[in-house]
Amino acid sequence: MAEFMELEGQDGVRMAWNVVPGTKQEASNCVVPVSAIYTPIKPFPNMPVLPYAPLRCRNCRSVLNPFSIVDFAAKIWICPFCFQRNHFPPHYASISDENLPAELFPQYTTIEYQSPGEASSLPPVFMFVLDTSIIEEEMAFLKSSLSQAIGLLPDNSLVGLITFGTLVHVHELGFGAIPKTYVFKGSKDVSKDQLLEQMSFFLNKPKPTTGVIAGARDGLSSESIARFLLPASECEFALNSVLEELQKDPWPIPADQRATRCTSTALSVAASLLGACVPGSGARIMAFIGGPSTEGPGAIVSKNLSEPIRSHKDLDKDSAPHYHKAVKFYEALAKQLVHQGHVLDLFACALDQVGVAELKVAVERTGGLVVLAESFGHSVFKDSLRRVFQSEDKDLGISSNGIFEINCSKDIKVQGILGPCASLEKKGPLCSDTIVGQGSTSAWKMCGLDQATSLCLIFEIVKKDIPDSTVQSSGNQFYFQFLTYYQHSTGEMRLRVTTLSRRWVAGPGSIQDLIAGFDQEAAAVVMARFVSFKMEIEAEFDPIRWLDKALIHICSRFGDYQKDSPSSFSLSPRFSIFPQFMFHLRRSQFVQVFNNSPDETAYFRMILNRENVANSVVMIQPSLISYSFQSAPEPALLDVAAIAADRILLLDSYFTIVIFHGSTIAQWRKAGYHNQPEHQAFAQLLQAPRGDADAIIKERFPVPRLVICDQHGSQARFLLAKLNPSATYNSDGHHPGGDIIFTDDVSFEVFLDHLQRLAVQ
Ligand SMILES: [Zn+2]
């Protein structure tokens, strides 16, 4: 695994197959698709940033890279993608093999270009959209967090404020001493034209005659814009006084009804306002939502309390009456935002569901951030919001206006991307007919991206067969180039270029090579994103069956065994923990959705879809560390057998971190031993997992929930739910013939036993 992490450390890429199956048939036998998890703007302290424009192939537009073949005498380079011969321009005249430009250095497979004079003058824009249909206590929490955030905004940023409940209020912050708002009915979507009309942008000007206002800035004076979007340095006072005065939604709520909450109308007004004022700039709508949307086109439930909010069962039976309409609304909103280049961030803080499942499309396509917490007072929300604006310590590296493009060798096509981006519908020979996620394109918009954002690219190998003469050649290389244009957090435009080369193999002798190049962690993460995607788009899809079939197929192909002899079965170290990953994936929140609400599932999947391999592996298979007097902290098996009275366990399941005190430890702690000077060692033992948990919490966004619990306590379920149930081992274990290993909550031993039996058949 170390070598794959080294490659990730150089290029921000992990591939499931680092030796690529070379033909269509070969790739299909490999089950896990040829794929890459790529972190486009992963920070690399030693990466050169070149102060000039990249050199491009005049045929395929790919960028000069270390894999190009260079003829220094003739001053020509050959493009590894299309084999075009390109002349170096005059300013490269002095190059030689002793005098290489940085982009040809073999170690600079990832490099950035920063074009001079392209620095953007557009300031970052934040449009806060606040739910006021919440109780006073929540309102107070929200105000306090926001006023703290406002203090952290970059001085040059522009800020706007919209509040909503029964009605939508657009606050005119630039009006001076007297607060002024524009009010919109919440029940009805407002078009951009209506919005501009009502806000009298054109008061002193003839209205432009063309109907196309979208994306055009003409017609809007900067004074008009300055009424609603103010520099943070000028409006901190105005904004804080509006917040101070802000009341919860005043409309009475009958006892048998939910509060009126027109979330979708408010977001639509926010999007149109930004579209009119700052199209193409890195603007973010930051939505703070404290309950279910009950009004307008994106309502997820009626106001009538007798109607429950949709569950996974309702969605499964297609009996969630508002769901499709709301999703359709948010799909259109996503399209509008992508067109404008704007981001939707969602902070959903409520005990109820608020509609994350419906909003998911708009957040994910625009690369928005999402945080789900029980309350605006919870540390998961408060600390996460602070992290967004905190620039010194653990900067998220939030960037904007990204465009992602791919070039590949001609035998490779792109099926699509699973991750936070939107297709730019740039069709071409590179696009596969099979579409996964955002597909049928070779360019994607990433309105918002940060240092952690990781895309999962799914490829297709199209080569039909291999002429005999080339089969054993060692020079068979596939090339991939990833291009990311983006606005760096400093404001300047950058182009990140990553060029990769991977050897391909085909034919009977290729299995050992494929095994050597298999990255089981990356493969598990690809399978997790893939199965989540299929569960969302395919009706009647059976994820357990699909995963089991895939795993059995992989084990029969890459395992070592004699036919029909399960006991002879073994896997190479490259594959050895893959079955365990699949076991935990089957049990995970991504597959066992019925244990959660649709909002929670949407949330978990949105985070999975944007995280890198290491973080995603923790989501699939939580890590467990054991602390005791007997030894230094050590990793423990994710099994109920890890629990002991004299141990502390630290479970990291990504979204939740659990510190679990064994019963003896809990007793000593309750007795206050750790406060007595003679029990200093115990105090240190208690403190050790706290320190480690704090270190994790500091690194992570969204900030995870911390649960501290005792053996036999009610909170212990947070740990128990994640452990392998080996102690309940009670299987007679005979399921002849079927390709389903088991559908119940079986132990890993039973699972593995069945897997081996089926794989050797
Ligand atoms: Zn080319």
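The values are calculated or read from the model by the stated rules, or taken from the named source; none is laboratory data. The model shown is predicted, which means the values in this text are computed figures rather than measured ones. Here the Cβ positions follow ideal geometry from the backbone for every residue, glycine too, while neighbour counts run over all protein chains shown. Note: accessible area is taken over every heavy atom of the protein model, side chains too, but ligands, DNA and RNA are not part of it. Shrake-Rupley method; radii C 1.70, N 1.55, O 1.52, S 1.80 Å.
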Of the criteria (1) part of a loop (DSSP other than H, G, I, E, B); (2) among the aliphatic types (A, V, I, L, M); (3) closer than 18 Å to residue 655 by Cα; (4) open to solvent by 40 Å² or more (accessible area, probe 1.4 Å), which one residue 435 fails: (3)
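In this structure, does residue 130 turn out to be within 15 Å of the ligand (Cβ to nearest atom), at pLDDT 95 or above and open to solvent by less than 40 Å² (accessible area, probe 1.4 Å)?
It is false that residue 130 is within 15 Å of the ligand (Cβ to nearest atom), at pLDDT 95 or above and open to solvent by less than 40 Å² (accessible area, probe 1.4 Å).
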Evaluation of residue 328 against (1) within 30 Å of residue 136 (Cα to Cα); (2) outside the structural domain of residue 189 (by the TED database); (3) over 19 Å from the mean Cα position of the chain (by Cα) (one fails), failing number: (1)
Residue tally, condition part of a helix (DSSP H, G or I) and open to solvent by less than 20 Å² (accessible area, probe 1.4 Å), over region 362-386: 6
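Going by the structure shown, is residue 51 away from the ligand (no atom under 16 Å from the Cβ) and closer than 30 Å to residue 398 by Cα? Don't jump to the end; show me each part of the working.
On the way: away from the ligand (no atom under 16 Å from the Cβ): yes; closer than 30 Å to residue 398 by Cα: yes.
Answer is yes for this residue.
In region 508-526, which residues are among the small types (Gly, Ala, Ser) and surrounded by fewer than 23 Cβ atoms within 10 Å (Cβ to Cβ)?
To start, the set of residues in region 508-526 that are among the small types (Gly, Ala, Ser) comprises 509-510, 516-517, 522-524.
Passing the criteria: 509, 510, 516, 517.
Every residue, every condition in (1) of a type in the set (Val, Ile, Thr); (2) part of a helix (DSSP H, G or I), yes or no:
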{"position": "128", "(1), (2)": "no, no"}
{"position": "133", "(1), (2)": "no, no"}
{"position": "144", "(1), (2)": "no, yes"}
{"position": "160", "(1), (2)": "no, no"}
{"position": "168", "(1), (2)": "yes, no"}
{"position": "171", "(1), (2)": "no, no"}
{"position": "178", "(1), (2)": "yes, no"}
{"position": "189", "(1), (2)": "no, no"}
{"position": "197", "(1), (2)": "no, yes"}
Qualifying residue in region 8-29 (condition: within 16 Å of the ligand (Cβ to nearest atom) and touching a residue at least 24 places away in the same chain (Cβ under 8 Å)): no
Any hit, region 252-268, residues being hydroxyl-bearing (Ser, Thr, Tyr) and more than 19 Å from residue 133 (Cβ to Cβ): no
Complete set of residues in region 55-78 that are within 15 Å of the ligand (Cβ to nearest atom), of a type outside the set (Gly, Ala, Ser) and over 32 Å from the mean Cα position of the chain (by Cα): 57, 58, 59, 69, 70, 76, 77, 78
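Residue by residue through region 676-724, note down the ones that are among the aromatic types (Phe, Trp, Tyr), in contact with a Leu (Cβ under 9 Å, 6 or more places away or on another chain) and assigned to a helix (DSSP H, G or I).
As a first pass, look at region 676-724 and keep what is among the aromatic types (Phe, Trp, Tyr): 682, 701, 718.
Imposing the further condition that a residue be in contact with a Leu (Cβ under 9 Å, 6 or more places away or on another chain) reduces the set to 701, 718.
Selection gives 718 alone.
Any residue that is within 30 Å of residue 7 (Cβ to Cβ) and modelled with pLDDT of 95 or more - is there at least one of those in region 592-603?
Of all residues in region 592-603, those within 30 Å of residue 7 (Cβ to Cβ) come to none.
No - not one qualifying residue is present in region 592-603.
Does residue 529 fit the bill of being surrounded by 15 or more Cβ atoms within 10 Å (Cβ to Cβ) and out of contact with any helix residue (DSSP H, G or I) (no Cβ under 9 Å at 6 or more places or on another chain)? Spell out how you get there, then give the answer.
Values: surrounded by 15 or more Cβ atoms within 10 Å (Cβ to Cβ): yes; out of contact with any helix residue (DSSP H, G or I) (no Cβ under 9 Å at 6 or more places or on another chain): no.
Considered against the rule, which asks whether it is surrounded by 15 or more Cβ atoms within 10 Å (Cβ to Cβ) and out of contact with any helix residue (DSSP H, G or I) (no Cβ under 9 Å at 6 or more places or on another chain), residue 529 comes out as no.
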Residues satisfying the stated conditions in region 526-535, i.e. touching a residue at least 40 places away in the same chain (Cβ under 8 Å) and out of contact with any strand residue (DSSP E or B) (no Cβ under 6 Å at 6 or more places or on another chain): 527, 528, 530, 531, 532, 535
From the options 534, 549, residue that is at pLDDT 95 or above, over 30 Å from residue 63 (Cα atoms) and open to solvent by 50 Å² or more (accessible area, probe 1.4 Å): 549
Hey, residue 144 free of Cβ contacts under 8 Å to residues at least 24 places away in the same chain and closer than 30 Å to residue 277 by Cβ or not: yes
Qualifying residue in region 79-94 (condition: more than 36 Å from the chain's Cα centre (by Cα), more than 9 Å from the ligand (Cβ to nearest atom) and part of a strand (DSSP E or B)): yes
Where a residue in region 44-73 is open to solvent by less than 60 Å² (accessible area, probe 1.4 Å) and its partner, wherever it lies, is aliphatic (A, V, I, L, M) and more than 16 Å from the ligand (Cβ to nearest atom), with Cβ under 7 Å and at least six apart: 47/111; 48/102; 48/111; 50/102; 50/111; 54/495; 72/95
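Go through region 454-559 and tell me which helices (runs of 4 or more DSSP H), entirely inside it, have 3 or more residues that are among the hydrophobic types (A, V, I, L, M, F, W, C). So that I can check it myself, show each step before the final result.
Numbers: elements: 468-471, 511-516, 520-537, 543-558.
Ranges flagged: 511-516, 520-537, 543-558.
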Count of region 488-503 residues which are among the polar types (S, T, N, Q) and closer than 21 Å to residue 61 by Cβ: 3
Which numbered condition residue 104 misses (of (1) touching a residue at least 60 places away in the same chain (Cβ under 8 Å); (2) of a type in the set (A, V, I, L, M); (3) within 16 Å of the ligand (Cβ to nearest atom)): (1)
Qualifying residue in region 140-149 (condition: modelled with pLDDT of 90 or more and in contact with a Lys or Arg (Cβ under 6 Å, 6 or more places away or on another chain)): yes
